[in-house]
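Below you'll find the structure, written out as structure tokens, and then a few comments.
The values are calculated or read from the model by the stated rules, or taken from the named source; none is laboratory data. As the structure is a prediction and not an experimental result, all values here were calculated from the model. Positions of Cβ are generated from backbone atoms using ideal geometry, with glycine treated the same way; all protein chains shown enter the neighbour counts.
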Amino acid sequence: MAIAARFHDGLVAEVEAVELEYQAMGAVGTLVIRRSGDGAELGRWPANTLYALHGRRDELRLGANGQPAGARVVVEGQHDVARVLATLPVLTEKRRQEAGRQVRLAVTATVALAAVIAAYLYGVPLLASRIVGMVPAAWEASLGETVAGQMEASLGESGGLQLCDANPDSLANRAIARFGAEALAGSGSPFDLDIRVVRSDIPNAFALPGGQVFFFSSLLEQAQTQDEFAGVLAHEIGHVAYRHGMEQLISTAGTGALIGFILGDMTGLSVAAGLGATMIDARFSRDAERQADAFAAQVAQRLDFNPAGLADLINRVGADDEFARALALLNTHPLTEDRKAALEILSQQRPTGLEPPFTAAEWRAIRSMCGATPAAEPRTKTK
Amino acid sequence: MVWGGTEEKPVPVKFTGMRRELGGMLLRGYLLLLPTIGLYRFWLTAWKRRFYWSHTEIAGDPLEYTGHAMQLLLGFLMALAVFVPLYGLFFYLSTLSSQAAIVGYGGVGVLLWFLTGYAIYRARDFRLSRTLWRGIRCDQGGSAWNYAFRRFFWSLLVIVTAGLAYPFMSANLWAYRYRNSWYGDRQFGFVGSWRQLARPFYLAYGIVVVIGAIGLGLAAPMGALDSPPNPAGFPPLLVAALLIGLVFLYYRSRELTEMFSSVRLGGAALTVKVRARGLVWQHALFGLGLVGSYILLAIGGVVVLGIVAGTAFAGGQFDLDIFMQHMQGSLITLLAIIFGYLLILAAFSLMVELFLGLGLWTLVARGATITGLNSLRTVRARDEDKALAGEGLADALNVGAY
Ligand SMILES: [Zn+2]
């Protein structure tokens, strides 16, 4: 009734042809390993210490607790393997337990990772603004200078960023600076605003970390009312007040790390890493846009302009095309229709009798500060 | 032989793994990657190694892989401890002035290149120390930092010499790896040197230079290098690239043959014959498999898009506007795109595993014979190596290995 097997004692790299015998003594049986031929006993492995290891099909590799780590009994052949498994049901049972343990480990790890992701998605906007609060303002300001320098270099072909009106004491520049100071007043921002109206045929406006705001001449030309100009400017100042540029940088770094963890590619070189990071970051920046819109609406509680003009101007510059709609899920910009609706709700209860942001003379000066620049096809939208 | 007693015949290494078995395992693994948010990759790696190890048989006894997925997962978590500060550094650098950022990125890149050497060595240590044959465990000594420094400075030298120093680097690293490898209490040896690599390498180097020059010489007058390039000049470049690929595979087969055949273990010696045409055949199969699977995916993709956005294809013509309308706000379409991307990725990695990974292992294992195996019967086990928890850094750095 003995079964032929190969035996390694785990001490010496030797292989012995052995015969296995099962002795059922009392409650716990024993696997007796005898050398083929002379029948010398090489080992006695209690059945409850046995475990099966992964082997090829029709090959059963057995180890035992209490034996050297490498000690193995190897049974080959479908028939013999079936016989051993039938004699030692403990093997099947332990294998099932081990499989269950692995499944539990995988499930636990997955749940933990899912929790980390969920905490990240909901926690980072909060966390990022906390961390931003700890970033020294001077550092953020110097970062803004760097970004501005890089931007000027990249726009170098079209002549860099040339100021429309280089005189800081001109009527237009003073009016804009006063509006900026009033808009930022009370927000507790550590930054000094530096609003620059520059020549460019791209209709755009944006805020850099550290208080620099750029307003492109092409966008100014398309503004029909003070409301529109003041709305966009207040929105950009909102980005400065909330330090969104810095927040975006921090959340991008965090997202990269998280996606890298999921994909096991910490170098973040794969397309999947880029795509995933873009999708998550887009969510954050859409929240930031809403926040900046709300800031513009707050400014409109103190100065007399309609913040919904902001949406009108953006709409005129680049009407939502089908493509923008298609990518809305990926896009960093909320759809302007949605924004306008939200802004109109925010601007419903504005106090009356407020000062307008600019006097008629100032608004005329602002409108003409860039002189005549060639009208261009509107392509880029404001951020 | 006077002292050895009986004369021993060389023992061929057997490999009994089937492509179908590996393919089924990988497909199942890829499916499980989805619900586990990618974490199943540690289990998949463990399964894959069990497959390779258990099907590689020497003198009737297969290798056994004793590693567990959990060890890999823990190792990966530990590697994060290295990466999180690096990430912080990266972030800080990206906010500095342009020049400082470029210098900083360069520094981080060099650091990663250096760490890759460390990771490769540690990963090899992990695999060897979880490799069992005849009940005796392999192991690796030496120092991963030492290996990282060697590899780093050799690669600098290779760059400075335009590749000419490569045979020296390769032989040196092979020697360091094997002279620090152990089977039980017996240390591996390595008798190879750069001289064995010099002839095939410089031959291949010369041929690549000549082919490259001829390819460029033919393509340049046809306008392939102008801006914008003229496509008429591409065929000579493509042919040159293909020929260079063949020369590269020839050299690779020579290096594998020469270096593996220099591995010794006490009185036992390994001989490996890897034929260039075997490597070429595996790569050709890989190319065919890739093209085939992408054609299948493309057909599937068109069918799915036809169902999701059917009217865009009405009248046999693809209408972008209507197509975009269908995309509008449709989460299903977005999911279909992401899923499609994952499928393309999975098909690629499946073909790499099935044809290049399995192909190379098969070629090396089936080309291997061992002499003096009987001398290994006296090898004794060493103490358990408990120091290692996974090979996280290699995983995090994307250092590919079995
Ligand atoms: Zn904005």
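Once the range A:55-112 is narrowed to residues that are under 47 Å from the mean Cα position of the chain (by Cα) and part of a loop (DSSP other than H, G, I, E, B), the residue that is farthest from the other protein chains (Cβ to nearest Cβ) is A:ASN65. Those residues that are loosely packed, with under 11 Cβ neighbours inside 10 Å and either of a type in the set (D, E, K, R) or touching a strand residue (DSSP E or B) at 6+ places or on another chain (Cβ under 6 Å) (or both), I need them from the range A:28-40; list them, please. Within the range A:28-40, A:ASP38 is the sole residue that qualifies. Residues in the range A:118-146 that are of a type in the set (Gly, Ala, Ser) and either in contact with a helix residue (DSSP H, G or I) (Cβ under 8 Å, 6 or more places away or on another chain) or more than 9 Å from chain B (Cβ to nearest Cβ) (or both): A:ALA118, A:ALA119, A:GLY123, A:ALA128, A:SER129, A:GLY133, A:ALA137, A:ALA138, A:ALA141, A:GLY144.
Every residue, every condition in (1) aliphatic (A, V, I, L, M); (2) modelled with pLDDT under 65, yes or no:
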site: A:LEU263; (1), (2): yes, no
site: A:MET266; (1), (2): yes, yes
site: A:ASP281; (1), (2): no, yes
site: A:ARG286; (1), (2): no, no
site: A:LEU327; (1), (2): yes, yes
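For B:GLY206, the stated conditions hold: it is farther than 30 Å from B:VAL13 by Cα and either part of a helix (DSSP H, G or I) or among the charged types (D, E, K, R) (or both).
Candidates are the residues of the range A:1-27 that are of a type in the set (Val, Ile, Thr) and more than 7 Å from every other protein chain (Cβ to nearest Cβ); the one that is surrounded by the most Cβ atoms within 10 Å (Cβ to Cβ) is A:VAL18. Here A:ALA115 does not qualify as surrounded by 11 or more Cβ atoms within 10 Å (Cβ to Cβ), within 14 Å of chain B (Cβ to nearest Cβ), under 24 Å from the mean Cα position of the chain (by Cα) and assigned to a helix (DSSP H, G or I).
Among the residues of the range B:30-43, is there at least one that is hydroxyl-bearing (Ser, Thr, Tyr) and within 11 Å of chain A (Cβ to nearest Cβ)? Checked the range B:30-43: at least one residue is hydroxyl-bearing (Ser, Thr, Tyr) and within 11 Å of chain A (Cβ to nearest Cβ).
A quick yes/no check of all residues on (1) away from chain B (no Cβ under 14 Å); (2) modelled with pLDDT of 85 or more; (3) within 11 Å of the ligand (Cβ to nearest atom); (4) crowded, with 24+ Cβ neighbours inside 10 Å:
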| position | (1), (2), (3), (4) |
| --- | --- |
| A:ASP201 | yes, no, no, no |
| A:PRO209 | no, no, no, yes |
| A:GLU221 | yes, yes, no, no |
| A:GLN224 | yes, yes, no, no |
| A:ASP227 | yes, yes, no, no |
| A:VAL232 | yes, yes, yes, yes |
| A:GLU236 | yes, yes, yes, yes |
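Just one of the listed residues (B:ALA100, B:ALA69) is within 10 Å of chain A (Cβ to nearest Cβ), surrounded by fewer than 22 Cβ atoms within 10 Å (Cβ to Cβ) and at pLDDT 85 or above, namely B:ALA69.
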